[in-house]
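Single-structure report; data block below.
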Amino acid sequence: GLSASESRGAFIVLEGLDRSGKSSQCANLLSFLNKQGIAAEAWRFPDRSTGIGNMISSYLSSSADLDDRTVHLLFSANRWEKSSLLETKLREGTTLVVDRYSYSGVAFSAAKGLDFNWCKAPDEGLPAADLVLYLNISPEIAAARGGYGAERYENLNFQKKVANCYKRLQDSTWKTIDATKSIDDVQEDIRKAVLLVIAKCSQGQELHRLWS
Ligand code: NYM
Ligand code: MG
């Protein structure tokens, strides 16, 4: 890990149900941070650009069928393959705004009925987010927002189960954001929390590992 006095970028993750507004909020946050002169990059998981990401993408679009545990491990491997670059970026002082991470990994697989702790196990030891912003919205309101896309998991019944699984993951690094507010009001709440954690990390807050 990093020594306690070392300045670094913050590891910020946005989580939430499909249609909770994560992608727009990530984009707005990134341009805000860059305008403030803060070095930041936007990442997302799954990272569909890698070989593993390609397999995941085919699964999500239903052009490939995979066993539930197998695809769970692919999502995890997709984070591991990016983890050394992720840590290097943080150490170099770049703040990372990440659209989904291990918390999605556990919530979506456990929602299928896989054992919760089994779902957590493959991500043990990955860098942990300094701040998880949970964009909170009811599954019904999310579903009413212009409907879902055509991908696997994008249906009301499944999203209700995902919401319950997310609740079990919440810890002291989580901040729940009311995602039913306007885009600008949600962004305002996000920025306040993000600037605080960026300050802490620049003052040397230690990087933690999952699942501590
Ligand atoms: N998803 C995402 C998982 O099932 N496991 C994971 O580890 C991650 C990172 O992929 N419905 C699911 C959640 C989404 C889907 O993500 C694709 P997005 O952000 O909609 O492109
Ligand atoms: Mg989606």
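Considering only segment 52-60, I want to know if a residue exists there that is in a loop (DSSP other than H, G, I, E, B) and of a type outside the set (A, V, I, L, M).
Scanning segment 52-60, I find no residue that is in a loop (DSSP other than H, G, I, E, B) and of a type outside the set (A, V, I, L, M), so the answer is no.
What are the residue pairs meeting all of these: first residue in segment 10-23, first residue under 18 Å from Val162 (Cα atoms) and more than 9 Å from ligand 2 (Cβ to nearest atom), second residue among the small types (Gly, Ala, Ser) and in a loop (DSSP other than H, G, I, E, B), Cβ atoms under 7 Å, and 6 or more apart or on different chains?
Short answer, once both residue conditions are applied: Val13/Ala129; Gly16/Ala179; Ser20/Ala179; Gly21/Ala179.
Given the structure, is Ser172 away from ligand 2 (no atom under 16 Å from the Cβ) and either part of a loop (DSSP other than H, G, I, E, B) or out of contact with any Asp or Glu (no Cβ under 6 Å at 6 or more places or on another chain) (or both)?
Here the answer is yes, as Ser172 does meet what is asked.
Would you be able to say whether some residue in segment 66-77 is in contact (Cβ under 8 Å) with a residue 40 or more places away in the chain, among the aromatic types (Phe, Trp, Tyr), touching a helix residue (DSSP H, G or I) at 6+ places or on another chain (Cβ under 7 Å) and near ligand 1 (Cβ under 9 Å from one of its atoms)?
No, segment 66-77 has no match at all.
Which fully enclosed helices (runs of 4 or more DSSP H) of segment 62-144 have 1 or more residues being surrounded by fewer than 20 Cβ atoms within 10 Å (Cβ to Cβ)?
By residue number, 68-91, 116-120, 139-144.
Please specify each residue of segment 111-159 satisfying the condition of being within 10 Å of ligand 1 (Cβ to nearest atom) and small (Gly, Ala, Ser).
Within segment 111-159, Ala111, Gly149 qualify.
Considering only segment 145-157, state which residues are at pLDDT 95 or above and more than 12 Å from ligand 2 (Cβ to nearest atom).
Selection gives Leu156, Asn157.
The values are calculated or read from the model by the stated rules, or taken from the named source; none is laboratory data. Since this is a predicted model, take the numbers as computed values, not measurements. Every residue, glycine as well, gets a Cβ built from its backbone with ideal geometry; the counts of neighbours run over all protein chains shown.
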